[in-house]
Structures are given as structure tokens and as C-alpha cells.
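I have placed the structure first, in the form of C-alpha cells, so that the comments after it can refer back to it.
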Amino acid sequence: MKREAVRNSFRDRQHALEFDLRATRSDIRARLSSLLIEALELKGRERVLDLATGTGRFAQPVCRQLKEGKVVGVDEALAMLGLAREKAQSEPLPSYLQTAGVAQALPFRDSTFDCGFVAFSLHHFGRPSVMMEEAHRVLREGGKFVVLDPVVHKVRDPVDQSLIDFINTVFRRSHGKDFQFYCSEEIRELFTRGKFQITQADLYSASFDQVGMDGIPTGRHWLEIAEGLDGKSGAMRERFKESYFQFQKRGDGFHVKGSFNYAIVCGERS
Ligand SMILES: C[S@@+](CC[C@H](N)C(=O)[O-])C[C@H]1O[C@@H](n2cnc3c(N)ncnc32)[C@H](O)[C@@H]1O
């Protein structure tokens, strides 16, 4: 049975609520949040930019590392920002501020921040190089910027290219035409072209062997891709299994076994 693509909008409150609930349940996200904090190397007094902060899922643990500093979250979706504020009522985070704004034209003065990060969002930006220029502008000289994002495998041949095109096409049905996954090499290039000196470039591989996609970020879209490959070539189906995961129908659900890679790239602003 083919799943219907659902149009997701972070501007929609229901979608924001569902996103936040799924994010809470993900061990992979929890592990990545620790790695992000390590990469930022905070001393405790920094002004930190959380670009595309969403519901503040990464801002919360970063705030807890600060003694006197601030985390300033910016996001274009008011529904996501609103939910972050609601959560702050039951669990106040005095060092977390937020504002509406777009990644490609940040509403801050030059050199406002000591460091910054963008988590799970690069693949949503239509013009990531413009976002990097903006990150460069609003960070002070020597300030660190960390990109944490799920990555696809580097294209080696036409089968890889067709597979990545298909993956992006499925995600675009729900997330719009700007959606695009990058490989870790492309993320590193963004830093270099954006006049950042790369200080760390790690790949975290999260493996899974389970029934259903619970806890796997964007899991239901990946299942849609796996099912959609039925109509594609055998070479594409095999490459998908080698590169991402194998799946077998079991009862009402799927057993999935494989791994996804997440890039954590950190650069220092020149
Ligand atoms: C998958 S969510 C990630 C949120 C948060 N960083 C996290 O990991 O929990 C992607 C976020 O990017 C935001 N976003 C997408 N495009 C944006 C843009 N051009 N400018 C600002 N925010 C954007 C969305 O509104 C959404 O909140």
C-alpha cells in the first residue's frame, strides 16, 4: 500500500506539535545534541546564534551550558517559535531569546554573536551559500559556526544520482521545492566558500535495526522512499539498501535495518 504524501509546513501548529513530539523521542537526536555541544566548546558567557531554532530543541541543552550568556534563536515559522515559548512557561529558560526571521537575511547587526549553529535545517534552505554569508556577517571574527545535518552519500555514478534525485523529489512533495540533502563534502565546500576555516568535520553514523521508524529523524519520509522504489530499477533498489537501509514487511509495519549519516562540520570565521 502506497502512503499518501502529506504537505508539511512548520508554519502549521499541528505540524509543529508533531515535530516536537517526535524530536523528544529520538535517541539519535539526543546523541547529536551532545556532539553539537562538544563542537561548540562553550565557556559559559557566549552569545550563541541558533539559526532555524524551531521549537528550541537544540537551544535547550545549549542554554544549560551557559552561566551568563544567551542563546538567540531565529526561525521563519511562527508556529515553531510559539511552541518554544509555550514550553518555556513550564520549564523556564532565562538565557533563551528568540525572534522571527529568515536565514538568508538575518535580523541582526554585524558581529553580534560569539558562535552559532544550524541543526537539522540546512536541507530546507533554498540558498545555503547566502545563509553562510549571513552567518559570517553576524559572527565576530574568530567565532565558531557549526552545521549539523543529515547527509546523503556522495554521488559516484548515475545510479547514485538517480537515487538522490528520487530521495529529494519525495521530500519535496512534503517540504517544498527548496528541500535538498547534501553530502558532507558539499557542506565542507559551503564553509570554505563562505570564508570559514574548517576546524572539525565529523560524520556520525546512527545505525538501527527495528520495527517501524520511531526515533529515526524524518523516518516516515524514508519509508515512503523505500516503498516508492518498487517502481524503479533493480540497481536503484540495491543501491538504496547498501547505502541507507533494508526493509521487510512485518505484520502491519516494516522491519528496517541500516544507518543514516549526520555531518557535524565546524568552522572559524575569518
Ligand atoms: C526540521 S526543523 C529543525 C528545527 C531545530 N533546529 C531542531 O533541530 O529541532 C527546520 C526548521 O527550519 C526552519 N526554516 C526553514 N527554512 C528557513 C529559513 N529560510 N529561514 C529560517 N528558518 C527556516 C523551519 O521553520 C523549521 O523550524
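The values are calculated or read from the model by the stated rules, or taken from the named source; none is laboratory data. Nothing here was measured: the structure is a model prediction, and the numbers come from that model. Neighbour counts are summed over all protein chains in view; Cβ atoms, including those assigned to glycine, are modelled from backbone coordinates with ideal geometry.
Among the residues of region 3-14, are any more than 10 Å from the ligand (Cβ to nearest atom), under 20 Å from the mean Cα position of the chain (by Cα), surrounded by fewer than 20 Cβ atoms within 10 Å (Cβ to Cβ) and acidic (Asp, Glu)?
Yes, there is a match, as at least one residue in region 3-14 is more than 10 Å from the ligand (Cβ to nearest atom), under 20 Å from the mean Cα position of the chain (by Cα), surrounded by fewer than 20 Cβ atoms within 10 Å (Cβ to Cβ) and acidic (Asp, Glu).
List pairs: first residue in region 2-26 and closer than 18 Å to VAL170 by Cα, second residue of a type in the set (Lys, Arg) and at pLDDT 90 or above anywhere in the structure, Cβ distance under 6 angstrom, at least six positions apart or on different chains.
Correct list of pairs: ALA5/ARG173.
Table: residues versus (1) farther than 30 Å from GLY228 by Cβ; (2) in contact with a Leu (Cβ under 6 Å, 6 or more places away or on another chain); (3) assigned to a strand (DSSP E or B); (4) of a type in the set (Lys, Arg).
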{"residue": "PRO150", "(1), (2), (3), (4)": "no, no, yes, no"}
{"residue": "VAL155", "(1), (2), (3), (4)": "no, no, no, no"}
{"residue": "ASP160", "(1), (2), (3), (4)": "no, no, no, no"}
{"residue": "ARG173", "(1), (2), (3), (4)": "no, no, no, yes"}
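Do you know which of the residues in region 225-270 that are exposed (fewer than 15 other Cβ atoms within 10 Å of the Cβ) and among the acidic types (Asp, Glu) is farthest from ARG31 (Cα to Cα)?
The qualifying residue farthest from ARG31 (Cα to Cα) is ASP230.
Go through (1) surrounded by 15 or more Cβ atoms within 10 Å (Cβ to Cβ); (2) without any contact (Cβ under 8 Å) to a residue 60 or more places away in the chain; (3) under 24 Å from GLY215 (Cα atoms); (4) not polar (S, T, N, Q) and name the single condition ASP50 misses.
(2)
Among the residues of region 170-224, which ones are surrounded by fewer than 18 Cβ atoms within 10 Å (Cβ to Cβ), among the charged types (D, E, K, R) and within 18 Å of ARG22 (Cβ to Cβ)?
ASP214, ARG220, listed by residue number.
SER34 is checked against (1) within 17 Å of the chain's Cα centre (by Cα); (2) assigned to a loop (DSSP other than H, G, I, E, B) and fails just one. What number does that condition carry?
Every condition holds for SER34 apart from (2).
Could you pull out every one of the strands (runs of 3 or more DSSP E) wholly within region 42-141 that has 1 or more residues that are within 8 Å of the ligand (Cβ to nearest atom) and at pLDDT 95 or above?
Hits in region 42-141: 47-51, 70-75, 113-119.
When region 146-163 is examined, which residues are found to be away from the ligand (no atom under 13 Å from the Cβ) and crowded, with 20+ Cβ neighbours inside 10 Å?
Selection gives VAL151, VAL152, LEU163.
Just one of GLY126, GLY143, GLY101 is in contact (Cβ under 8 Å) with a residue 40 or more places away in the chain and surrounded by 17 or more Cβ atoms within 10 Å (Cβ to Cβ); which is it?
Selected residue: GLY143, the only one of GLY126, GLY143, GLY101 that is in contact (Cβ under 8 Å) with a residue 40 or more places away in the chain and surrounded by 17 or more Cβ atoms within 10 Å (Cβ to Cβ).
Give region 206-262 a look and list any residue that's among the aliphatic types (A, V, I, L, M) and within 22 Å of the chain's Cα centre (by Cα), or say none.
Passing the criteria: ALA206, MET213, ILE216, LEU223, ILE225, ALA226, VAL256.
Note down all Cβ pairs under 7 Å where the first residue falls in region 174-199 and is over 9 Å from GLY267 (Cα atoms) and in contact (Cβ under 8 Å) with a residue 60 or more places away in the chain, the second is small (Gly, Ala, Ser) and within 16 Å of the ligand (Cβ to nearest atom), and they're at least six residues apart or on different chains.
SER184/ALA263; ILE187/ALA263; LEU190/SER129; ARG193/SER129; GLY194/SER129
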